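Shown next, in structure tokens, is the structure this report addresses.
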Amino acid sequence: MIAALLLVRSTSADVLPDNRADVFWSKYSGGGMDITGYSATARAKITENFAVEANYFVDKVSGASVDVLSQASVIKDERKQKSGTLEYLHDKTTYTASYTSSVERDYISETASFSLSQDMFGDLTTVTLGFANTHNTVGINSGTANKPDVSWVGHALTRAYSGGVSQIITKNFIAGVNLQVITDAGYLANPYREIRYLDPTKTIGYTLANQVYPDTHTSTAVQVQGKYYLPYRAAITALYRYYNDTWGVIGNTYELDYTHPIRNRWIFEGRVRYYKQNAASFYSDLFPFVDSQNFTARDQNLAALNNTTVGAKVTYAFLPDGWKVFKRGTVTFDASRIRFNYQDFRNIKNFGVAQGFGPGSEPLYNFNANVFQVFVSVYF
Amino acid sequence: MRCRQIVMLGAAVGTMLLASACSVQPWVKPYERDRLADPIMAWDRDAISSAYLDHIRESREGSRGATGGAGGGCGCN
């Protein structure tokens, strides 16, 4: 379940960023899913103090993750997301208001957000505060890809409160901290995923049943990050995020990035990210009997897991010095490989009694995902 | 009691910071910020790309938030 989160931009508030237009393509494949995304974004300053931005994003999904595929047929869906943003600069304060609407056949999400960013202390410090309100409508498609039969199962309301500080420490070093508290209320389960409990009367040894989630959820995340300009023209970034929530999930994220430009034509970037979490308090891969506890989940997102990402990004400036109205033009390629390992989520799609694995003894699940992005950006 | 002391300490520090805001002299002068202004020092050069990666992660991890990213939709499948 994704809450739409507001953007906390920790840039200088004295000048609004340049006009920019992007065309974006992305591809995700892994864990039984293929997602292709297309996006177009345009951002323009109407005056020196006022800017508008519009974004349109389409995701085409085919397949389903393993915990869905174990119970349902192959899914095809499309997500269309539109967003509009207004930015107003007054003295050293930037006010940002945005609205995002995301529609899938079985899921509708609308978010309104507001944030303000203030430069202070001789422009060495930027403080950002934000609030976002999201309304989600959750459905389930019981039909097929070509003949959908969607029934709406509930609503969820999400509120996100965020604050951030970006601080210039030295002429080579900048640091930042972001805090975000998010609360949800309503239907919070994933309707496609089910639990399983031991059932000796069944040949496979277990029976599937609906998940039962709490109606509320509150999470707190703190991220600290630092960026250092090396003795030669390159930068290194380190970040750490701590996460916990009222469902008992504690997550730790570590990331290291290295950015290396070559003249004014190329920017190379490499990154390594490691993430680890424990399971939610009401998660189990296999419950001992039906209704064994009040809340039950077997959503792979709530299992104990870790993942490691290795990524590279190359930006090439095809208009490094501009042309006519364009100040600059770039094309960027980004590729990531993510390895997911689950500590208590078993692969019941491919393994079971027929292969000699009794309930709870199936191999633990793991998979690799590849993520590719290509985008062209022009600044004017 | 301890909570009250923390709140009072926070208020005192906040008041001092605000009171001194006018008098703080930037220890990194504007003409010394050329490296910080280099695009490679931007926190997020490509917000759409970052938001997309955040969306992928939040659809597959239990954690969320504080990344500065954005995303909507379910990621249910």
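Okay, here's what the table says:
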| read-out | value |
| --- | --- |
| Table column - 3J(HN,Hα) (Hz), the stretch A:197-208, Karplus curve with 6.51, -1.76, 1.60, x for Gly and Pro | 10, 4, 8, x, 6, 9, 4, 6, x, 8, 10, 8 |
| Separation in nanometres of the label points that stand 7 Å from Cα toward Cβ, at residue A:260 and residue A:201 | 6.5 nm |
| For residues of A:224-231, the mean tally of beta carbons on other chains within 10 Å | 2 |
| Cα-based reach from residue A:60 at 20 Å (exclusive), listing lysines while leaving out same-chain residues under 8 positions away | A:27, A:76, A:80, A:82, A:147 |
| Theoretical ellipticity at 222 nm over chain A - DSSP helices of four or more residues, -39500 (n - 2.57) apiece, nearest 500 | 0 deg cm²/dmol |
| Average other protein chain Cβ within 10 Å of Cβ, residues B:28-37 | 5 |
| Chain A shape via C-alpha gyration tensor axes, a/c threshold 1.5 | prolate |
| Taking A:315, A:183 and counting other C-beta atoms within 10 Å, the order from fewest to most | A:183, A:315 |
| Calculated FRET efficiency for the pair residue A:44/residue A:105, C-beta based, R₀ 30 Å, to 0.05 | 0.35 |
| Set of lysines with alpha-carbon distance to residue A:171 below 24 Å, sequence-local pairs under 8 removed | A:92, A:227, B:29 |
| Reach of residue A:349 by Cα under 12 Å, taken over aspartates and glutamates that are not fewer than 8 positions away in the same chain | A:67, A:362 |
| Three-way shape label, the stretch A:79-205, alpha-carbon gyration tensor, a/c 1.5 | prolate |
| Cut-off 19 Å, label 7 Å out along Cα→Cβ of residue A:232, residues of the stretch A:294-314 by amide N | A:313-314 |
| For chain A, built as a Gaussian network whose Cα springs stay under 10 Å, the top-fluctuating residue of A:269, A:362, A:48 | A:48 |
| Sites residue A:354 and residue A:324, calculated FRET efficiency, Cβ-Cβ separation with R0 45 Å, nearest 0.05 | 0.10 |
| Order of A:119, A:321 - criterion: other Cβ atoms within 10 Å of each residue's Cβ, fewest first | A:321, A:119 |
| Computed lengthening from residue A:274 to residue A:155, 0.36 nm per intervening residue step minus Cα-Cα distance | 39.5 nm |
| For residue A:124, residues with placed amide H under 5 Å, excluding near neighbours | none |
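The numbers here are math on the coordinates, done by the rules we state, and not lab data. Nothing here was measured: the structure is a model prediction, and the numbers come from that model. Cβ: placed from backbone, ideal geometry, glycine included. Neighbour counts: every protein chain shown.
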